[in-house]
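So the structure is just underneath, and the comments pick up after that.
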Amino acid sequence: MLKKLRVGIIGAGGIATAAHIPNYLKCGEKVEIVAICDVIKEKAEKLATEFNIPHVFSNYEEMLENIQLDAVSICTPNKVHYPATMAALNEGCHVLCEKPPAMTAKEAEEMAIAAEKAGKILTYGFHFRHAPHVEVLKRFIDGGELGDIYAARVTAMRRRGIPGWGVFTNKELQGGGPLIDIGVHMLDTALYLMGYPEPDTVFGVTYQKLGNKKGVGLLGAWDWENFTIEDMARGMITFKNGASILLETAFAANVEKHDVMNVSLMGDKGGADVFPLKIYQEKHDTLIDITPSHLSKKDWYETELERFVDACLEGTTPLSTGIQGVYLQKIINGLYESAEKGEAVKMGENVTV
């Protein structure tokens, strides 16, 4: 059993800087960040200096070949998730890959199979799962308080929240827009709370109505002239157990509130909204609402990174698994395919990993 986890960071952008590196360091003696790489080496060098990381590379394959690592965080544009994960697993590393899992379901399945064959952990950066709201609600669900959850509504809506930094509006590098950036978080949260049922059919529509025009940006200016993603996506997902999810997500839409992230669940014994957490039930011929008087203030990323480290050191199963990544990626790709074809899409054969 490992006593200290030797970690490498692939990608030196915002998520590595704000979430991964600082929270690895909070793990204290359990973790040593020994290497970092980025195609823009100056970015990696800057973080290496700031956080005292001894080895810097501009190529992740070179880093993996030359530095003995136990685990890596993959904090790159989505297009790099698959090749970087496969390379890291091939070198015997555990992997925490940022969301979404990959660009295609086939890639996600190959990643899950590679992790299983290597006997290594593959988990994804769905930090909303680690929110205290979700943890409390999961206990209620596991205790049968909501009964059979047969319907959910997923919302990730911004009024004018198009990212003007990074490659968020570049379809070639990201694979899509709000659906795979913010919508995917709420979709994963819903699926997790519903027990990750197997998808059956999806119907999706996407729009590009505001992002390709100059306008007000509540997150700053963006490159509207080279905007190649959708700015809104909507969809319906049905599952083989009869459940369904309605989804709506946007970087920019003419709505009242700027940043709404929520999952609503409906079961035959109760329902719930997650953000903020409120549970709805009928008891003793009375409709009641249940709200927690206190929730932990611990940073969700801190919990996520801490649990990943412990899973690697102790050999336990992480909260997010490779097989769940496959199901999620199938749904995402199915929604985009449906939007392109203008018709519902069947999810195909069962995933076996």
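The values are calculated or read from the model by the stated rules, or taken from the named source; none is laboratory data. Predicted, not measured: the structure shown is a model, and the values here were computed from it. Note that each Cβ is placed from the backbone with ideal geometry, even for glycine, and that neighbours are counted across all protein chains shown.
Do the conditions hold for residue 316, that is, is it surrounded by fewer than 16 Cβ atoms within 10 Å (Cβ to Cβ) and in a loop (DSSP other than H, G, I, E, B)?
yes
Of the residues 200, 223, which single one is more than 14 Å from the chain's Cα centre (by Cα) and within 12 Å of residue 245 (Cα to Cα)?
After applying the criteria, what remains is 200.
Scan the stretch 138-160 and give yes if some residue there is modelled with pLDDT of 95 or more, surrounded by 22 or more Cβ atoms within 10 Å (Cβ to Cβ) and in contact with a His (Cβ under 7 Å, 6 or more places away or on another chain), otherwise no.
Yes, because at least one residue in the stretch 138-160 is modelled with pLDDT of 95 or more, surrounded by 22 or more Cβ atoms within 10 Å (Cβ to Cβ) and in contact with a His (Cβ under 7 Å, 6 or more places away or on another chain).
Table: residues versus (1) among the aliphatic types (A, V, I, L, M); (2) touching a Lys or Arg at 6+ places or on another chain (Cβ under 6 Å).
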position	(1), (2)
163	no, no
173	yes, yes
186	yes, no
189	no, no
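Out of the residues in the stretch 86-124 meeting the condition of being over 17 Å from residue 332 (Cβ atoms) and under 17 Å from the mean Cα position of the chain (by Cα), tell me which one is surrounded by the fewest Cβ atoms within 10 Å (Cβ to Cβ).
Going through the qualifying residues, I end up with 121.
Return the pairs, sorted by first residue and then second, in which the second residue is surrounded by fewer than 17 Cβ atoms within 10 Å (Cβ to Cβ) and hydroxyl-bearing (Ser, Thr, Tyr), the first residue lies in the stretch 240-257 and is at pLDDT 95 or above, the beta carbons are less than 6 Å apart, and the residues are 6+ apart or on different chains.
From the stretch 240-257, the pairs are 243/150.
Listed residues 44, 16; which is small (Gly, Ala, Ser), assigned by TED's automatic domain parsing to the domain that holds residue 102 and either part of a strand (DSSP E or B) or within 22 Å of residue 123 (Cα to Cα) (or both)?
So the residue among 44, 16 that is small (Gly, Ala, Ser), assigned by TED's automatic domain parsing to the domain that holds residue 102 and either part of a strand (DSSP E or B) or within 22 Å of residue 123 (Cα to Cα) (or both) is 16.
Looking only at the stretch 204-237, which residues are aliphatic (A, V, I, L, M) and surrounded by fewer than 16 Cβ atoms within 10 Å (Cβ to Cβ)?
Result: 205, 216, 218, 221.
I need the full set of residues from the stretch 193-228 which are in a loop (DSSP other than H, G, I, E, B), among the acidic types (Asp, Glu) and closer than 30 Å to residue 143 by Cα, in order please.
198 - this is the single residue of the stretch 193-228 that is in a loop (DSSP other than H, G, I, E, B), among the acidic types (Asp, Glu) and closer than 30 Å to residue 143 by Cα.
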